[in-house]
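Each reported figure results from applying straightforward, stated rules to the coordinates on display, with no laboratory input. Worth saying up front: this structure is predicted, and the values here are computed from it rather than measured. When we count neighbours, we look across all protein chains shown, and the Cβ atoms used for this are built from the backbone with ideal geometry, even at glycine.
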Amino acid sequence: MATVNYSLQDAWVGEALYTWTPLTTTNADGQPAQYQGAGDRVMQITGTFGAGGTVLVQGSCDGTNWFGLNKPNSTAISLTAAGLVEILENCPYIRPFVSAGDGTTSITAILAIRRNERG
């Protein structure tokens, strides 16, 4: 299994966008996005989910041990169709992960991070 690298759009003053594509059942995990001082975080998931396709959003404090992240209402982020989700936890490492699907699964994940202003 290969890790899907992200492309970074960092030209905006207050926001950075990380994009992973294509995430598949054989290339299931995204390269961890790391951003210090992040404010709001939201992930958009689109693409072909295939039979049983599921995308999780995972976080880590060390970049090695991964845990499922939650929506602001404390329910686990687990998408089986296209969607946009806000992320509750403020982990230094965040990545998308395809946990199920079939040979047609091909997902694009985009993480938007709003920078905190430094005083």
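Among the residues of the stretch 102-119, just one is among the small types (Gly, Ala, Ser), over 20 Å from PHE67 (Cα atoms) and under 17 Å from the mean Cα position of the chain (by Cα), namely SER106. For the stretch 55-102, a tally of residues being surrounded by fewer than 17 Cβ atoms within 10 Å (Cβ to Cβ) and of a type in the set (Val, Ile, Thr) returns 3.
Sort out which residues of the stretch 38-54 are surrounded by fewer than 18 Cβ atoms within 10 Å (Cβ to Cβ), aliphatic (A, V, I, L, M) and touching a strand residue (DSSP E or B) at 6+ places or on another chain (Cβ under 8 Å), and write them in order of number. Scanning the stretch 38-54 gives a single hit, VAL42. So is THR54 hydroxyl-bearing (Ser, Thr, Tyr) and without any contact (Cβ under 8 Å) to a residue 60 or more places away in the chain or not? Yes. Only one of the numbered conditions (1) within 11 Å of the chain's Cα centre (by Cα); (2) farther than 16 Å from PHE97 by Cα; (3) not β-branched (Val, Ile, Thr) is violated by ASN73, and that is (1).
Take the residues of the stretch 9-37 that are outside any strand (DSSP E or B), of a type in the set (Ser, Thr, Tyr) and in contact (Cβ under 8 Å) with a residue 40 or more places away in the chain: which is surrounded by the fewest Cβ atoms within 10 Å (Cβ to Cβ)? Before the answer, list the steps.
Initial filter on the stretch 9-37 (outside any strand (DSSP E or B)): 10-14, 24-28, 31-32, 35-37.
Now restrict to residues that are of a type in the set (Ser, Thr, Tyr): 24-26, 35.
Checking which are in contact (Cβ under 8 Å) with a residue 40 or more places away in the chain leaves us with 24-25, 35.
On the way: THR24: 22, THR25: 19, TYR35: 17.
Top of the filtered list is TYR35.
For the stretch 38-68, residues that are over 10 Å from the mean Cα position of the chain (by Cα) and part of a strand (DSSP E or B) total 10. Return a yes/no flag: does the stretch 97-116 have any residue that is under 19 Å from GLY39 (Cβ atoms), touching a residue at least 60 places away in the same chain (Cβ under 8 Å), assigned to a strand (DSSP E or B) and of a type in the set (D, E, K, R). There is at least one residue in the stretch 97-116 that is under 19 Å from GLY39 (Cβ atoms), touching a residue at least 60 places away in the same chain (Cβ under 8 Å), assigned to a strand (DSSP E or B) and of a type in the set (D, E, K, R).
Quick one: which residue in ASN73, ASN90 is under 19 Å from GLY37 (Cα atoms), of a type outside the set (D, E, K, R) and either assigned to a loop (DSSP other than H, G, I, E, B) or touching a Cys at 6+ places or on another chain (Cβ under 6 Å) (or both)? Outline the logic, then answer.
On the way: ASN73 fails: under 19 Å from GLY37 (Cα atoms).
Testing whether each residue is under 19 Å from GLY37 (Cα atoms), of a type outside the set (D, E, K, R) and either assigned to a loop (DSSP other than H, G, I, E, B) or touching a Cys at 6+ places or on another chain (Cβ under 6 Å) (or both) leaves just ASN90.
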